[in-house]
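The structure appears right after this line, and notes come after that.
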Amino acid sequence: GEIHAFPVEILGAMEGGKGSQRMIMARTSGDLIERVGGVLQGMSGSPIYVDGRLVGALAAGLKDLSPYTFFITPIEDMTPLWSMPDIKNQTNIDTVDIVKELEERKKAEEKRRLREREKEFAKMSRAEREAEWRDMIAVLKGEKTEDTATNSDTSAAAEASSAAAHTDSASEDTEAKSGNAAEEKAYFFTQGFNAAGLRYLQNNLPMNGASFLPLGGFGASSKLHTRYDATLAGGQPVGVALVYGDFSIGATGTVTAVDGKKVVAFGHSFMHKGNVNYFMTDADVIGTIAGQSNGVKIANIGSVIGRVNQDRETGIAGVLGTFPTAVPVQIHVKDNALGTEETFGAQIAYDEDFLPILSGSVAYAAMSRVSDALGSSTARIRFAIRTNAYEGGLFERRNMYYSAAD
């Protein structure tokens with residue numbers, strides 16, 4: 001959970017010509033960087049400071065060459081991402097502002113408790129009221145701490161304390177990451193996909209030559225949740241995900257800078273899709289794996305904390321506390337031969353290009369995990385799409401398929 005600094009020597013600025021991305025060439029050294037094996041993928045986005053001033057983000061290394069020389073994306077080329085057009089999350093889907101909803105529920109609950117308190121107060125004898133006033137005045141003067149009146153209040157307080165402790169530990173987990181290497185993203189982390197599911201993904205999802213690693217999911221033992229009040233700072237880890245849940249696909253990198261709720265990270269693109277609608281997550285760094293000339297920092301994708309809305313050449317940008325439109329998918333698979341069945345759930349970020357591929361990939365991965373076979377099979381399939389764009393709100397189809405291969 002700690003952020004570690006490492007020394008950087010600036011070698012010079014590189015101008016690629018009109019329209020090209022500007023880069024600053026740099027070199028690093030020291031015990032820390034030697035111990036982890038050089039600049040690794042996952043360190044991308046690490047803020048680089050000169051005399052206390054942020055000059056840019058560690059962005060890329062030279063693949064198969066020295067892991068100690070790398071390139072920096074100037075911060076002046078990253079912050080414009082915050083003001084770029086954002087229309088990707090504007091769909092016809094009816095959505096609920098969860099943060100506002102929770103605040104309104106909290107206010108309503110406080111009003112309800114106040115009304116109950118007034119009723120109780122009205123039923124009290126004069127002596128009980130005077131004692132109540134004396135206690136209240138003592139609390140205001142700091143002469144006495146306010147006691148919890150009922151068992152239910154005590155239970156609620158204990159529950160709130162537990163939730164706060166969980167949030168704090170998640171916050172501590174977040175305080176870890178710093179930097180990436182080897183050109184752009186060479187790996188995407190996945191969770192829930194077996195070997196057959198990963199092959200299906202690799203063949204169907206255009207990932208610009210990236211490889212999928214079955215590491216870095218949200219953690220099978222952790223409960224999926226959303227953090228509405230998350231904060232980030234430069235040097236901390238951050239994740240971006242296309243799918244989240246029992247199946248997840250995403251990548252992790254490092255935060256470069258934060259301005260209020262606005263975040264910029266990575267120093268290079270994720271998939272270079274422009275205006276996007278992806279999950280922003282916190283992340284928990286586990287360790288590093290270094291090779292002869294490059295390596296990777298392994299991190300678990302954590303809670304959803306916001307929305308990534310820009311995926312550009314100079315980095316990714318997003319907003320904390322606002323969340324992407326998503327399509328919930330639930331898959332129930334039963335294998336008649338084995339007598340096994342399982343239900344899976346995932347949220348897919350709403351993207352017209354990826355939605356058909358990702359929903360099919362998740363369904364295939366779920367079937368291959370339950371059936372535990374790649375031979376000839378017959379599959380009876382029923383699918384239902386719930387939508388407000390169809391009369392009755394439910395579009396349903398059933399069919400049967402046979403394949404001699406898989």
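The values are calculated or read from the model by the stated rules, or taken from the named source; none is laboratory data. The shown structure was predicted, so the numbers you read here are calculated from the model rather than taken from an experiment. Backbone-built Cβ (ideal geometry, glycine too); neighbour counts: all protein chains shown. Remember, those area values only see protein heavy atoms, side chains included, never the ligands or the DNA or RNA. Shrake-Rupley method; radii C 1.70, N 1.55, O 1.52, S 1.80 Å.
General observations
- Qualifying positions in segment 353-406 - in contact with a helix residue (DSSP H, G or I) (Cβ under 6 Å, 6 or more places away or on another chain) and not aliphatic (A, V, I, L, M): Ser361, Tyr364, Ser368
- Close contacts from segment 190-209, counting a first residue that is more than 17 Å from Phe344 (Cβ to Cβ) and a second that is at pLDDT 85 or above and open to solvent by less than 80 Å² (accessible area, probe 1.4 Å), with Cβ to Cβ under 6 Å and a gap of 6+ residues or different chains, come to Asn204/Ile357; Leu205/Ile357.
- Per the listing Thr252, Thr281, Thr256, Thr288, the residue uniquely open to solvent by 20 Å² or more (accessible area, probe 1.4 Å), in contact (Cβ under 8 Å) with a residue 40 or more places away in the chain and among the hydroxyl-bearing types (Ser, Thr, Tyr) is Thr288.
- When residues of segment 385-406 are limited to those that are free of Cβ contacts under 8 Å to residues at least 24 places away in the same chain and farther than 30 Å from Ala196 by Cα, the one least open to solvent (accessible area, probe 1.4 Å): Gly393
- Yes/no for Gly321 being free of Cβ contacts under 8 Å to residues at least 24 places away in the same chain and not hydrophobic (A, V, I, L, M, F, W, C): no
- Residue count for segment 338-372, restricted to those that are small (Gly, Ala, Ser) and free of Cβ contacts under 8 Å to residues at least 12 places away in the same chain: 1
- Residue count for segment 317-373 under the criterion of being among the acidic types (Asp, Glu), in a loop (DSSP other than H, G, I, E, B) and open to solvent by 60 Å² or more (accessible area, probe 1.4 Å): the result is 3.
- Residues of segment 296-321 classified as within 20 Å of Val285 (Cβ to Cβ), over 10 Å from the mean Cα position of the chain (by Cα) and not basic (Lys, Arg), total: 7
- Selection of segment 1-32 for residues being in a strand (DSSP E or B) and either touching a residue at least 40 places away in the same chain (Cβ under 8 Å) or of a type in the set (A, V, I, L, M) (or both) yields Val8, Ile10, Leu11, Ala13, Met14, Met23, Ile24, Met25, Ala26, Arg27, Thr28.
- Selected residue (only one of Lys297, Lys261 is modelled with pLDDT under 90 and within 24 Å of Val55 (Cα to Cα)): Lys297
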